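Visitor: Below is one structure. I have some questions about it.
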Amino acid sequence: MRSTRHRTTRTVLTATAALTLVLSASLVASAATAKAPDAVAAPDTGPASSASDTSAAAAALTWSDEFDGPAGAAPNPANWNLETGAGGWGNNELQNYTSSRQNSALDGNGNLVITARQDGNGGYTSARMTTKGKVQPQYGHLEARIKIPRGQGIWPAFWMLGGQFPGTPWPNSGEIDIMENIGREPHLVHGTLHGPGYSGGNPITGQYQHPQGWSFADDFHTFAIDWSPNSITWLVDGNAYQTFTTANTGSNPWVFNQPFFFILNVAVGGNWPGYPDGTTQFPQQMVVDYVRVYDSTGGGGGGSTGTVTASNGICLDVAGAGTANGTPIQLAHCNGGQAQQWTVGSDGTVRALGKCLDVAGGGTAAGTAVQLWECNGTGAQQWARTSGTQALRNPQSGRCLQPVGRVQNDGTRTEIANCDGSAVQRWTLP
């Protein structure tokens, strides 16, 4: 039985992280252009599942952080918050999480390095990074390529919390542990769900053993989930090892049909892993090659593709067929071009040219411009069809899509405005 790993941990949020709740990824530059997918170099990983690889390759890459940048640079603040503090994090952990480059930095070779250190007084420092309020996917193929640290009492993890945390407290907010390892089990990784009625020492969980029984710390491995409504499958190096569905929660709620944010951290000590001993060496490093989100359906979580037309028959259009973040969305005479082909997804997104219809800056005020932006899972990119009025409503702001000045002419840009049921807010979807 695992210990009650996640109690106070899931209720602690620093002021810095809390401030990010009001931000959209649209406020800042997106992640670096994705590298070509790396092959797992280790000969010890065993054959990857060709079906899984083919699925990921066919899916659209909707977001990634490839950790490109100079050695010693901070993780991209467009994507990551650094949570700080000590106090055990609800699990009697020993480390103090810091924002220092000594604990989290790029290595100049396309990797993020999270380093757990022991200081001269016998204390420990490390880093805990989240994408809260910045990157919050819902569904898809989510993966990271990681070389984990090793040693008794060392606890690396790649995991997720529900985007409504802490407003919705843990465990009702939900938690998806994509990969956890505790140092005393070098050949095992764990995949787990926590939710109401199945949390702490009684989660829904399973584990994967290295095919050769070797340590996962010896080389890079790819840890992933395939996440769809009411089902999550865990994979290591392309090998699926468990699937949990709504049937596994029994009479308890399934709380995983909502956006979640990523967390990367290395803890030192705690109820579950135990504590460092004379065999544990410091510093210990978790090296992360990339974190990626693929739309596993190839089309925004399902849905249909075609033109989106205004009530006068004119088309919703990406200005100049541009693909840069921030490209305006406008009305234009329908021409059959790709800039007017929109996929309305079951995940709430509306996509064209591989990117999402987005409220600029995550704004909620009437008159905020609507643009094209890299898909990031935030509320700025969620749209709901309003029955009756045929409006496209952004739930985060509570406002509806319309042309600026309420003029339905070729070249008119778009914005969000108070929903009023008028014809200029009526859209015909594919």
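Visitor: In region 281-306, what count of residues is obtained for those that are modelled with pLDDT under 95 and crowded, with 18+ Cβ neighbours inside 10 Å?
Guide: Keep residues of region 281-306 that are modelled with pLDDT under 95, which gives 292-306.
Applying the additional criterion that residues be crowded, with 18+ Cβ neighbours inside 10 Å yields 292-297, 299-301, 303.
Going through region 281-306 one residue at a time, the tally reaches 10.
Visitor: Also, I was wondering about something else. Under 6 Å between Cβ atoms, at least 6 apart or on separate chains: pull out the pairs that start in region 255-268 with a residue that is in the same structural domain as Tyr124 (by TED's automatic domain parsing) and end on any residue that is of a type in the set (Phe, Trp, Tyr).
Guide: Every condition considered, the pairs that remain are Ile263/Trp159; Leu264/Phe158; Ala267/Trp155; Val268/Tyr124.
Visitor: Sticking with this structure for a sec: Can you tell me which residue in region 372-430 is modelled with the lowest pLDDT, limited to those that are of a type in the set (Asp, Glu) and out of contact with any His (no Cβ under 7 Å at 6 or more places or on another chain)?
Guide: Here the answer is Glu374.
Visitor: Given the criteria touching an Asp or Glu at 6+ places or on another chain (Cβ under 9 Å), modelled with pLDDT under 95 and among the hydroxyl-bearing types (Ser, Thr, Tyr), does Tyr139 qualify?
Guide: Details: touching an Asp or Glu at 6+ places or on another chain (Cβ under 9 Å): yes; modelled with pLDDT under 95: yes; among the hydroxyl-bearing types (Ser, Thr, Tyr): yes.
Here the answer is yes, as Tyr139 does meet what is asked.
Visitor: Gly133 fails exactly one of the following numbered conditions: (1) over 15 Å from the mean Cα position of the chain (by Cα); (2) in a loop (DSSP other than H, G, I, E, B); (3) not aromatic (Phe, Trp, Tyr). What is the number of that condition?
Guide: Condition (1) is where Gly133 drops out.
Visitor: If you don't mind, there's one more thing I want to ask. Given the structure, is Asp177 free of Cβ contacts under 8 Å to residues at least 12 places away in the same chain and charged (D, E, K, R)?
Guide: Values: free of Cβ contacts under 8 Å to residues at least 12 places away in the same chain: no; charged (D, E, K, R): yes.
No: the conditions fail for Asp177.
Visitor: Can you go through Tyr275, Tyr294 and tell me which one is within 18 Å of the chain's Cα centre (by Cα) and touching a residue at least 40 places away in the same chain (Cβ under 8 Å)? If you could, list the steps in order and put the result at the bottom.
Guide: Values: Tyr275 fails: within 18 Å of the chain's Cα centre (by Cα).
After ruling out the rest, the residue left standing is Tyr294.
Visitor: Out of all the residues in region 344-354, which are under 24 Å from Phe256 (Cα atoms), in contact with an Asp or Glu (Cβ under 9 Å, 6 or more places away or on another chain) and outside any loop (DSSP other than H, G, I, E, B)?
Guide: The one that is under 24 Å from Phe256 (Cα atoms), in contact with an Asp or Glu (Cβ under 9 Å, 6 or more places away or on another chain) and outside any loop (DSSP other than H, G, I, E, B): Arg351.
Visitor: Kindly indicate which of Ala74, Ala105 is of a type in the set (Gly, Ala, Ser), at negative phi and either part of a loop (DSSP other than H, G, I, E, B) or not assigned by TED's automatic domain parsing to the domain that holds Thr131 (or both).
Guide: Ala74
Visitor: Restricting attention to region 413-428, and to residues there that are of a type in the set (S, T, N, Q) and either without any contact (Cβ under 8 Å) to a residue 60 or more places away in the chain or touching a Pro at 6+ places or on another chain (Cβ under 6 Å) (or both), which single residue is nearest to Thr62 (Cα to Cα)?
Guide: Of the residues in region 413-428, the ones of a type in the set (S, T, N, Q) are 414, 418, 422, 425, 428.
Filter once more, so that each one left must be either without any contact (Cβ under 8 Å) to a residue 60 or more places away in the chain or touching a Pro at 6+ places or on another chain (Cβ under 6 Å) (or both): 414, 418, 422, 425.
Details: Thr414: 23, Asn418: 30, Ser422: 33, Gln425: 28 Å.
So, considering only residues that are of a type in the set (S, T, N, Q) and either without any contact (Cβ under 8 Å) to a residue 60 or more places away in the chain or touching a Pro at 6+ places or on another chain (Cβ under 6 Å) (or both), the one nearest to Thr62 (Cα to Cα) is Thr414.
Visitor: With Gly348, Gly379 as the choices, which residue is under 24 Å from the mean Cα position of the chain (by Cα) and farther than 30 Å from Leu112 by Cα?
Guide: Matching residue, one of Gly348, Gly379: Gly348.
Visitor: For region 327-345, enumerate the residues that are surrounded by fewer than 16 Cβ atoms within 10 Å (Cβ to Cβ) and more than 13 Å from Asp410 (Cβ to Cβ).
Guide: Listed by number, the residues that qualify are Gly336, Gly337, Gln338.
Visitor: Out of (1) closer than 25 Å to Thr131 by Cβ; (2) touching a helix residue (DSSP H, G or I) at 6+ places or on another chain (Cβ under 8 Å); (3) in a strand (DSSP E or B), what's the single condition that is false for Asp317?
Guide: With respect to (1) closer than 25 Å to Thr131 by Cβ; (2) touching a helix residue (DSSP H, G or I) at 6+ places or on another chain (Cβ under 8 Å); (3) in a strand (DSSP E or B), Asp317 is out only on (1).
Visitor: Now for a different question. Restricting the first residue to region 86-114 and requiring it to be free of Cβ contacts under 8 Å to residues at least 60 places away in the same chain, which pairs with a second residue that is among the basic types (Lys, Arg) meet a Cβ separation below 8 Å and a spacing of at least six or different chains?
Guide: Gln102/Arg117; Asn103/Arg117
Visitor: Okay, next question. Within region 98-136, which residues are farther than 27 Å from Cys375 by Cβ and either hydroxyl-bearing (Ser, Thr, Tyr) or touching a His at 6+ places or on another chain (Cβ under 9 Å) (or both)?
Guide: Thr98, Ser99, Ser100, Thr115, Tyr124, Thr125, Ser126 - these are the residues of region 98-136 that are farther than 27 Å from Cys375 by Cβ and either hydroxyl-bearing (Ser, Thr, Tyr) or touching a His at 6+ places or on another chain (Cβ under 9 Å) (or both).
Visitor: Within region 237-260, does at least one residue satisfy the condition of being touching a His at 6+ places or on another chain (Cβ under 8 Å) and either part of a strand (DSSP E or B) or under 25 Å from Pro203 (Cα atoms) (or both)?
Guide: Yes, region 237-260 contains at least one residue that is touching a His at 6+ places or on another chain (Cβ under 8 Å) and either part of a strand (DSSP E or B) or under 25 Å from Pro203 (Cα atoms) (or both).
Visitor: For residues that are surrounded by fewer than 22 Cβ atoms within 10 Å (Cβ to Cβ) and either at pLDDT 95 or above or touching a strand residue (DSSP E or B) at 6+ places or on another chain (Cβ under 8 Å) (or both), tally how many sit in region 226-237.
Guide: Residues in region 226-237 being surrounded by fewer than 22 Cβ atoms within 10 Å (Cβ to Cβ) and either at pLDDT 95 or above or touching a strand residue (DSSP E or B) at 6+ places or on another chain (Cβ under 8 Å) (or both): 3 in total.
Visitor: Taking region 160-178 on its own, how many of its residues are surrounded by 22 or more Cβ atoms within 10 Å (Cβ to Cβ) and under 21 Å from Gly206 (Cα atoms)?
Guide: Number satisfying all stated conditions: 11.
Visitor: From Asn335, Asn312, grab the single residue that is closer than 17 Å to Gly405 by Cα and not in a strand (DSSP E or B).
Guide: Testing whether each residue is closer than 17 Å to Gly405 by Cα and not in a strand (DSSP E or B) leaves just Asn312.
Visitor: If you scan region 160-197, which residues turn out to be in a loop (DSSP other than H, G, I, E, B) and β-branched (Val, Ile, Thr)?
Guide: Thr168, Ile182
Visitor: Among the residues of region 334-350, count how many are in contact with a strand residue (DSSP E or B) (Cβ under 7 Å, 6 or more places away or on another chain) and either among the hydroxyl-bearing types (Ser, Thr, Tyr) or at pLDDT 90 or above (or both).
Guide: So the count comes out to 8.
The values are calculated or read from the model by the stated rules, or taken from the named source; none is laboratory data. The structure displayed is predicted, hence computed values, not measured ones. With ideal geometry, Cβ positions are generated from the backbone for all residues, glycine too; neighbour counts draw on all protein chains shown.
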